[in-house]
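The next block holds one structure in the form of structure tokens; read it before the comments.
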Number of protein chains: 2
Amino acid sequence: MQLDASWFTEIAPGEGIAMSLKGARRLHAERTPYQQIEIYETETFGRLMAIDGCVMLTDRDNFVYHEMLAHPALFTHPAPRDVLIIGGGDCGTLREVLKHADIGTLIQAEIDERVTRLAEQYFPELCQANHDPRARFYFGDGIQWVKEAATASLDVILIDSTDPAGPAAGLFAAAFYKECRRVLRPGGLIAQQSESPLLYAHIIKNMHAEFRQAGFAEVRTLTFPQATYPSGWWSATLAGEHGKLADFRRGDAEHKAFPTLYYDAAMHAAAFALPPFLRETLAR
Amino acid sequence: MQLDASWFTEIAPGEGIAMSLKGARRLHAERTPYQQIEIYETETFGRLMAIDGCVMLTDRDNFVYHEMLAHPALFTHPAPRDVLIIGGGDCGTLREVLKHADIGTLIQAEIDERVTRLAEQYFPELCQANHDPRARFYFGDGIQWVKEAATASLDVILIDSTDPAGPAAGLFAAAFYKECRRVLRPGGLIAQQSESPLLYAHIIKNMHAEFRQAGFAEVRTLTFPQATYPSGWWSATLAGEHGKLADFRRGDAEHKAFPTLYYDAAMHAAAFALPPFLRETLAR
């Protein structure tokens with residue numbers, strides 16, 4: 001079976017697996033100083049944003065990723081108030097964070113303002129919270145932002161970046177994690193998207209090592225399905241200054257005042273169960 | 001990005017999503033009285049068997065499916081002794097079942113003997129247990145086999161079939177489930193592959209209804225990643241005569257005497273956590 005030119009296809013570099021969506025009509029394309037951004041309308045997954053040919057999100061399945069990057073970290077921290085998102089330009093993670101009533105300020109440091117402007121235009125439902133008075137937008141280098149941030153000024157850092165290549169490579173390194181530790185208050189934690197457990201277990205393993213090198217006491221990975229990312233299986237990795245990542249505010253998660261489609265207290269606990277092959281890779 | 005003719009592509013019918021594997025060199029193709037079977041060698045997922053254009057398995061990721069179809073059911077039943085597999089011609093599920101030392105007899109009813117003969121040739125590691133004296137092979141219609149089977153003669157039935165269309169359609173219906181109930185001993189249970197929770201939640205919902213109509217007291221679905229099946233996320237559904245599917249022999253699973261790559265006691269418990277969107281679809 002061969003696909004005609006109306007399919008959008010993403011090939012996972014070096015992995016020999018590809019995912020395609022039917023009837024992708026290109027609505028927009030531009031080259032920014034950082035990357036190539038494209039927007040498509042697809043037949044069955046709604047709208048699609050791609051950066052440098054990689055799917056960032058589709059209407060149909062982005063809820064899993066955004067919920068699983070935001071809520072496990074926020075319900076693990078005992079009282080998250082000030083949050084930083086690095087990347088996250090499509091604003092889906094920001095929307096999830098601001099569902100938590102106790103958040104005081106949310107700063108989003110996205111290097112490419114065009115990602116956010118295009119999200120506002122083509123994914124308005126992800127940008128519903130952009131005018132929330134708690135949200136502030138910084139368009140520039142997240143690594144630099146963290147370097148200049150005050151010590152012990154944040155509770156949670158969410159790293160919602162592209163793959164560890166190009167502009168995002170520095171976001172997967174101990175030097176950066178050390179700066180993050182400095183700006184976190186005691187008990188603070190990081191959650192970072194950490195790629196496919198099937199295809200890129202070595203990246204997750206490396207992240208664990210870098211987090212530990214940066215002084216984080218505990219590092220734990222959770223997994224979730226993500227149909228439009230390579231292999232359909234994805235992960236996020238949490239790193240905590242003080243450990244205790246296995247505990248979370250289960251009662252608060254069970255009685256949260258906002259709806260979610262994928263996340264809930266039971267899914268939170270379940271997502272941290274790792275299959276033996278992955279546990280062995282991480283322990284090696 | 002367009003894929004050249006060296007990629008094997010499966011399009012999920014009606015779902016507008018496709019999965020492709022690189023450098024697929026066809027080793028074998030034949031049309032049997034039942035279906036078209038093809039074997040490929042791929043660059044990064046090892047060998048691939050396709051039936052009527054749909055991936056049945058690859059070397060690289062079949063472990064998840066086979067473990068999650070076999071072990072949750074076998075560790076849920078209090079003392080499984082006699083097991084029937086319907087379908088399962090590649091013998092991967094059979095191999096997992098026979099890892100359990102207490103199994104007395106395992107009958108595999110596969111409609112198409114050629115699937116098993118080709119698995120023996122191209123996937124020898126899946127067929128390692130085929131000469132186990134506990135294994136018996138029946139090549140013919142599984143529905144008919146169940147109709148003729150003695151009442152209360154089996155403990156567990158595993159339905160490892162193709163999608164609910166063509167020869168497998170009758171395997172997703174209350175009339176067949178009723179016959180299964182008849183041949184199960186008290187406390188018996190069924191586990192059946194039940195498609196993608198993202199793409200085919202309506203099929204899972206329908207299976208629950210059919211199982212209940214057939215008199216099963218409890219029906220529960222578990223999910224797992226499966227990179228080479230549509231959407232990369234798959235499920236199995238368990239139906240129990242007496243309910244109690246939430247309990248399982250956790251201690252036995254924790255101390256099992258055989259290795260697994262995806263399944264263990266923690267993954268067993270975690271796999272049954274269902275996201276809110278799916279719970280709501282099933283409850284509607």
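Things worth noting here:
- Evaluated against (1) over 24 Å from B:I37 (Cα atoms); (2) not in a helix (DSSP H, G or I), B:L74 falls short on exactly one condition, (2).
- When segment B:219-259 is filtered for residues that are modelled with pLDDT of 95 or more and charged (D, E, K, R), the ones remaining, listed by number, are B:R220, B:R249, B:R250, B:D252, B:E254, B:K256.
- Qualifying residue in segment B:177-189 (condition: at pLDDT 95 or above, in contact with a helix residue (DSSP H, G or I) (Cβ under 9 Å, 6 or more places away or on another chain) and either within 21 Å of B:A12 (Cβ to Cβ) or in a strand (DSSP E or B) (or both)): yes
- Just one of (1) at pLDDT 95 or above; (2) on the phi > 0 side of the Ramachandran plot; (3) basic (K, R) fails for A:R212. It is (2).
- Residue match in segment B:69-86 (condition: closer than 14 Å to B:A119 by Cα and in the same structural domain as B:A129 (by TED's automatic domain parsing)): no
- Counting only residues that are among the aromatic types (F, W, Y), touching a strand residue (DSSP E or B) at 6+ places or on another chain (Cβ under 8 Å) and more than 7 Å from chain A (Cβ to nearest Cβ), segment B:231-250 holds 1 of them.
- When A:V64 is tested against the conditions (1) surrounded by 21 or more Cβ atoms within 10 Å (Cβ to Cβ); (2) away from every other protein chain (no Cβ under 13 Å); (3) within 29 Å of A:D155 (Cβ to Cβ); (4) touching a residue at least 60 places away in the same chain (Cβ under 8 Å), the lone failure is (2).
- Being in contact (Cβ under 8 Å) with a residue 12 or more places away in the chain, more than 7 Å from chain A (Cβ to nearest Cβ) and not in a helix (DSSP H, G or I) holds for only one residue in B:A227, B:A257, B:A253, and it is B:A257.
- Enumeration of residues in segment A:128-160 that are farther than 18 Å from A:L94 by Cβ and among the acidic types (D, E): A:D141, A:E148
- Candidates are the residues of segment B:275-284 that are facing another protein chain (nearest Cβ under 8 Å) and out of contact with any helix residue (DSSP H, G or I) (no Cβ under 6 Å at 6 or more places or on another chain); the one that is most open to solvent (accessible area, probe 1.4 Å) is B:F277.
- All positions within segment B:16-47 that are in a loop (DSSP other than H, G, I, E, B), within 11 Å of chain A (Cβ to nearest Cβ) and open to solvent by less than 30 Å² (accessible area, probe 1.4 Å): B:G16, B:G23, B:A24, B:T42, B:F45, B:G46
- Residues satisfying the stated conditions in segment B:150-162, i.e. surrounded by 20 or more Cβ atoms within 10 Å (Cβ to Cβ) and either farther than 22 Å from B:K244 by Cα or touching a helix residue (DSSP H, G or I) at 6+ places or on another chain (Cβ under 7 Å) (or both): B:L154, B:V156, B:I157, B:L158, B:I159, B:D160, B:S161, B:T162
- Test: residue in segment B:207-222 that is touching a Phe, Trp or Tyr at 6+ places or on another chain (Cβ under 6 Å), in the same structural domain as B:P72 (by TED's automatic domain parsing), touching a residue at least 24 places away in the same chain (Cβ under 8 Å) and in a loop (DSSP other than H, G, I, E, B): yes
- Residues of segment B:104-127 that turn out to be open to solvent by less than 30 Å² (accessible area, probe 1.4 Å), farther than 13 Å from B:T93 by Cα and without any contact (Cβ under 8 Å) to a residue 40 or more places away in the chain, as a count: 1
- Of all residues in segment A:48-59, exactly one satisfies the criterion of being buried (at least 17 other Cβ atoms within 10 Å of the Cβ) and without any contact (Cβ under 8 Å) to a residue 60 or more places away in the chain, namely A:A50.
- Subset of segment B:67-86 (residues that are touching a Ser or Thr at 6+ places or on another chain (Cβ under 9 Å) and open to solvent by 10 Å² or more (accessible area, probe 1.4 Å)): B:R81, B:D82
The values are calculated or read from the model by the stated rules, or taken from the named source; none is laboratory data. The structure displayed is predicted, hence computed values, not measured ones. Here Cβ is always computed from backbone atoms with ideal geometry, including for glycine, and neighbour counts include all displayed protein chains. The area values use the complete protein model at the heavy-atom level, side chains included, leaving out ligands, DNA and RNA. Shrake-Rupley method; radii C 1.70, N 1.55, O 1.52, S 1.80 Å.
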